[in-house]
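To start, the structure itself, in structure tokens.
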Amino acid sequence: MWNKVLESPILRVALRYGALSGILVMGFVVSMFYMDKHPFLVNPFLDPRVPVLGLMLFFGLKELRDYYQSGALYFAQGMVTSFLVTVLCAAICWCGILVFATLEDKFVTSFIAQATEQTKSFTAEDIERIGKATFEQSLAELQKADKYFMAGRYFFQTFIISFFISLIVTVIQRRTPVAG
């Protein structure tokens, strides 16, 4: 039974595209850090995971549909494949961030400094809107951030980003067989 699961085209495609996604995203994280733009403080619309996951999911589901499924791809198959791609990508990023933060001491400290500076630049209206207690609690928690916090945050954010991309790409790639 395990041989059948391991030889499944869904798993093979997901492993290939998930590994490639994770490596590419980590490449962007490292390069952005060295370009003096901390990857954790990037606008969510400019996050490198959006285009990387979008492209990898698109081409992965297209390959699965066209080469292994005879032109048919059900919504559930697309979502399962997308989930597996995301799991592997997020796991590689989690490990990569832990390793990078261990090797590069400034990764965590620069995040804390830049995030604190960005948070302190909030206007009085912004602070009032979110609540002074919440604002102060966020600042206090920010000082406790470490590489595990950062890796975990990136891991879970990857799932949130990927969920919406997965829905869109799966609907685009979905094709059911024509009865006839």
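FYI, it's all coordinate maths here, none of it is from the lab. Note that the structure is a prediction, hence the values are computed from the model and not measured. Because the Cβ atoms are built from the backbone with ideal geometry, glycine has one as well, and the counts that use them run over all protein chains shown.
What the table shows:
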{"quantity": "Furthest towards positive pole of dipole, LEU20, MET150, THR176, structure part the chain, Cβ charges", "calculated": "THR176"}
{"quantity": "Under 12 Å from the Cα of LYS144 - aspartates and glutamates, other chains or at least 8 residues apart", "calculated": "none"}
{"quantity": "Value at 222 nm in deg cm²/dmol, rounded to 500, when DSSP H runs of n ≥ 4 in the chain each add -39,500 (n - 2.57)", "calculated": "-25500 deg cm²/dmol"}
{"quantity": "Exposed-loop-free span, longest in the chain, where GluC sites (Glu not before Pro) count as exposed if DSSP calls them loop and at most 16 other C-beta atoms lie within 10 Å", "calculated": "8-103"}
{"quantity": "Range of Cα positions in the chain per principal axis (Å), largest first", "calculated": "66, 37, 31"}
{"quantity": "Euclidean distance of C-alpha centroids, the stretch 141-174 and the stretch 1-50, integer Å", "calculated": "11 Å"}
{"quantity": "Dipole of the stretch 7-173 [Lys/Arg +1, Asp/Glu -1 at C-beta], most positive-end residue of LEU88, PHE107, SER8", "calculated": "SER8"}
{"quantity": "Other-chain or far-sequence residues with amide H under 5 Å of LEU73's (modelled H)", "calculated": "ARG175, THR176"}
{"quantity": "Degrees separating the helix 75-103 axis from the principal Cα axis of the chain, which is the longest one", "calculated": "40 degrees"}
{"quantity": "Alpha-carbon Debye profile of the stretch 82-180, log10 I(q)/I(0) at 0.10, 0.24 Å⁻¹", "calculated": "-0.45, -1.13"}
{"quantity": "Over the chain, relative contact order from alpha-carbon pairs under 8 Å, at least 6 apart, %", "calculated": "35 percent"}
{"quantity": "Set LYS4/LYS62; LYS120/LYS147; LYS62/LYS147; LYS106/LYS132 screened for pairs whose C-alpha atoms are more than 25 Å apart", "calculated": "LYS62/LYS147; LYS106/LYS132"}
{"quantity": "Neighbour cut-off at most 11 other Cβ (10 Å), DSSP loop, trypsin sites (Lys or Arg not before Pro), the stretch 92-146", "calculated": "LYS144"}
{"quantity": "Dipole magnitude (debye, nearest 20) for the chain, charges at Cβ of Lys, Arg, Asp, Glu", "calculated": "680 debye"}
